[in-house]
1. For Asp21, work out the one condition from (1) at pLDDT below 80; (2) exposed (fewer than 14 other Cβ atoms within 10 Å of the Cβ) it doesn't fulfil.
2. For the stretch 1-58, which residues satisfy the criterion of being hydrophobic (A, V, I, L, M, F, W, C) and touching a Ser or Thr at 6+ places or on another chain (Cβ under 8 Å)?
3. Look at the stretch 1-39 and say how many of its residues are among the basic types (Lys, Arg) and in contact with a Cys (Cβ under 9 Å, 6 or more places away or on another chain).
4. Which ones in the stretch 24-39 are over 23 Å from Asp77 (Cβ atoms), surrounded by fewer than 17 Cβ atoms within 10 Å (Cβ to Cβ) and of a type in the set (A, V, I, L, M, F, W, C)?
Amino acid sequence: LGGPCAVGLFVRDRTPEGVTDLAGNAAEWLGDDVGGDERLYHPGSWKQPPMASWAKALQIAPPDYRSPDLGFRLIKD
């Protein structure tokens, strides 16, 4: 669609627990530290090729890296 979509827009893209939009909306920073000034992020977003949404896909970038398709996921227990 050329940009991020509203959460839950794709009703079939949902886990049995009700978690939505796990891939393809925005790339996400991860909590993992790779050492030094580098951090991991999952590249799956609307701006990347489909294989970037693969669960094991990772990228490394400095913590001040910015991109219009990069964000973070907020969760609530």
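The values are calculated or read from the model by the stated rules, or taken from the named source; none is laboratory data. No experiment lies behind these values; they were computed from the predicted model shown. Cβ coordinates were reconstructed from backbone atoms using ideal geometry, including for glycine residues, and neighbour counts include every protein chain displayed.
1. Going through the list (1) at pLDDT below 80; (2) exposed (fewer than 14 other Cβ atoms within 10 Å of the Cβ), Asp21 breaks only (2).
2. Filtering the stretch 1-58 for residues hydrophobic (A, V, I, L, M, F, W, C) gives 1, 5-7, 9-11, 19, 22-23, 26-27, 29-30, 34, 40, 46, 51-52, 54-55, 57-58.
Across the stretch 1-58, the qualifying residues are Val7, Phe10, Leu22, Ala23, Ala26, Ala27, Ala52.
3. 0
4. Listed by number, the list holds a single entry, Val34.
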